[in-house]
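The values are calculated or read from the model by the stated rules, or taken from the named source; none is laboratory data. A quick note: this is a predicted structure, and the numbers were derived from the prediction, not measured. Cβ placement follows ideal geometry from the backbone for every residue including glycine, while neighbour counts extend to all protein chains displayed. Heavy atoms of the whole protein, side chains included, go into the accessibility calculation; ligands, DNA and RNA do not. Shrake-Rupley method; radii C 1.70, N 1.55, O 1.52, S 1.80 Å.
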Amino acid sequence: MTMRWIVGRRRRQAWFAPLSLLLALAVSPARGAEPEAAPEPPLPIRFVVVTTFDTGDDTGAPGEFSTWVVNYPLPVVIPFPQGYHHLRYNPDKQVLGIETGEGPTRMAASITALANDRRFDLSHAYWILAGIGGIDPNAGPAGSASWAEYVADGDLAYEIDAREIPGDWSSGYVPLGRSAPYQNPPPPADSTNGDNLFHLNAGLVRWAFQFDHAHVTLPDTARLQALRAHFSAYPKTQSPPLILKGDTLAAGTFWIGDRLNAWAENWVRYWSHGMAVFTMSAEEDAGYMQALTFLAQNHAIDIDRVLDLRAASDYTTPGPGQTPAQLLAQDAAGGGLSAFDESLQNVYLAGSAVVNEIVDHWDEYGSRTPSAPGP
């Protein structure tokens with residue numbers, strides 16, 4: 001069962017009409033208003049839920065955005081012509097949802113457009129990127145949800161074609177500013193080339209992970225069990241889905257295979273000086289963090305209130321006995337093993353628990369960002 005059926009049709013209809021009217025009055029200038037009329041005050045936002053795609057309309061086929069629209073719910077539509085897709089809002093909770101479109105460029109542009117939209121007061125808002133991605137089978141099982149403390153950019157690099165890599169190199173990727181893979185010392189993560197690594201508020205990330213670990217159990221399914229059987233050579237895949245704390249490699253290129261998985265593990269370790277552990281692959285997270293980092297410099301948002309959550313829809317390597325090319329062909333034909341539905345459900349379960357804890361206790365968390373001590 002997918003999450004879109006958690007909220008009944010009658011309940012959605014009952015919410016939609018009056019709240020749409022309420023928001024129209026709150027954020028839309030009245031037709032024929034006098035020029036001297038005072039502007040409406042901006043809508044206060046407690047949490048921004050950031051998603052990247054849908055597979056249908058907002059309430060139809062399951063996708064990252066529709067899962068939140070239907071189940072949270074986010075009943076009110078707000079036009080957003082400067083972005084990829086219209087926004088959704090829950091005025092009781094003061095939670096705003098955005099679908100940015102896939103890829104780092106659309107993500108960065110959409111987030112920047114939102115933060116500069118004067119209809120919203122985002123100065124005290126928390127942010128969560130709630131998306132799906134691939135999981136390293138050396139890190140955990142499919143369906144797991146992972147909170148990232150570090151986001152590494154996998155696009156900022158030199159690259160040599162695989163057919164021309166020197167025989168003593170382990171990878172064709174070379175850090176900008178260096179002449180061989182993983183050459184020490186690592187360059188500064190922040191340079192004129194861009195940002196190769198982003199470090200989120202560690203205390204908030206630990207708090208979110210610990211809160212979920214104590215309050216959320218991710219369901220197991222027959223499909224997840226079949227995936228585990230297929231990946232039985234990887235010990236860490238052999239459990240029901242977990243709440244994890246692990247880091248994300250973001251790259252606009254979809255990559256797959258054992259060799260690139262080893263590169264991802266080493267790349268994240270290299271740029272973080274051994275502090276981060278590659279767990280999830282994704283596209284948009286570096287664009288998300290870069291946009292918010294710049295916006296924080298202008299005090300448009302609070303960078304210490306930013307979270308990054310991914311749930312695993314599949315693995316970053318093929319199963320035993322299968323080549324990357326065979327897996328790619330299988331997925332293109334629609335026959336690949338996948339935890340797509342489970343990942344959408346689980347990123348919502350893990351993410352909404354944290355969102356609700358904060359917005360429902362705004363008297364506490366509005367003025368104080370939660371934090372958990374380090375190990």
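Taking amide H as placed 1.01 Å from N in the peptide plane, the amide H of residue 372 sits under 5 Å from that of 204, 206, 207, each at least 5 places away or on another chain.
Build a GNM of the chain with springs between Cα atoms under 10 Å: which of 347, 216, 69 gets the top mean-square fluctuation? Between 347, 216, 69, it is 216 that shows the largest mean-square fluctuation. For the peptides 361-369, 205-213, the ranking by packing is 205-213, 361-369, with the highest mean count of neighbouring Cβ atoms within 10 Å listed first. Legend: translational diffusion of the stretch 202-339 by Stokes-Einstein, Rh = Kirkwood radius over C-alpha pairs, 4 °C, 1.567 mPa s; D = 76 µm²/s.
Please compute the per residue accessible area over the chain with all protein chains in place, 1.4 Å probe, rounded to a whole number of Å². Don't jump to the answer; show the numbers that get you there.
Numbers: 16970 Å² over 375 residues.
Spelled out: the 1.4 Å probe surface of the chain, per residue, equals 45 Å².
Largest first and in whole Å, the equivalent-ellipsoid semi-axes of the stretch 191-260 read 28, 22, 9, each the square root of five times a Cα gyration tensor eigenvalue.
Taking the helices alone, the chain has a mean residue ellipticity at 222 nm of -10000 deg cm²/dmol, built from -39,500 (n - 2.57) per DSSP H run of at least 4 residues and averaged over all its residues.
Its residues counted as N, the stretch 146-249 yields a C-alpha radius of gyration over 2.2 N^0.38 Å of 1.46. Between residue 363 and residue 176, the modelled label-to-label distance comes to 4.9 nm, taking each label 7 Å out from Cα in the direction of the beta carbon. Between the residues 248, 151, 311, the greatest Cα displacement towards the positive end of the dipole of the chain, with unit charges on the Cβ of Lys, Arg, Asp and Glu, is found for 311.
The Rg/Rh ratio for the stretch 39-116, using Cα coordinates for both the radius of gyration and the Kirkwood hydrodynamic radius, is 0.95.
Figure the gain on full extension for residue 168 and residue 329 (residue separation times 0.36 nm, minus the Cα-Cα span) and round it to one decimal in nm.
Values: separation 161, 0.36 × 161 = 57.96 nm, distance 3.07 nm.
My answer for the length gained is 54.9 nm.
With r as the distance between the Cβ atoms of residue 293 and residue 353 and R0 = 35 Å, compute the FRET efficiency 1/(1 + (r/R0)^6) and round to 0.05.
Details: r = 26 Å, r/R0 = 0.75.
Once the sixth-power term is evaluated, E becomes 0.85.
Any idea what log10 I(q)/I(0) is at q = 0.06, 0.07 Å⁻¹ for the chain, Debye with uniform C-alpha scatterers and no solvent? Summing over Cα pairs of the chain leads to -0.23, -0.32.
For the stretch 264-337, the share of accessible area belonging to carbon and sulfur comes to 55 percent (1.4 Å probe, ligands and nucleic acids excluded).
Can you tell me the length gained on complete extension of the stretch residue 199 to residue 155, counting 0.36 nm per residue apart and subtracting the Cα distance? Don't skip to the answer; put the middle values down first.
Details: separation 44, 0.36 × 44 = 15.84 nm, distance 1.72 nm.
Value of the extension gain: 14.1 nm.
All C-alpha to C-alpha distances of the stretch 281-375, sorted into 5 Å bins beginning at zero, yield P(r) values of 2, 10, 13, 15, 17, 15, 10, 7, 7, 4, 1 percent in whole numbers. The angle separating the long axis of helix 258-271 from the principal Cα axis of greatest extent in the chain is about 70 degrees. Using r as the Cβ-Cβ distance of residue 94 and residue 300, and R0 as 25 Å, what FRET efficiency do you calculate, to the nearest 0.05? Efficiency computed from Cβ-Cβ geometry: 0.90. If you plug the beta carbon distance of residue 40 and residue 223 into 1/(1 + (r/R0)^6) with R0 = 45 Å, you get a FRET efficiency near 0.40.
With a 1.4 Å probe and every protein chain kept in, tell me what percent of the accessible surface of the stretch 51-159 is carbon plus sulfur. Numbers along the way, then the final one.
Values: 1500 of 3210 Å².
Percent of accessible area from carbon and sulfur atoms in the stretch 51-159: 47.
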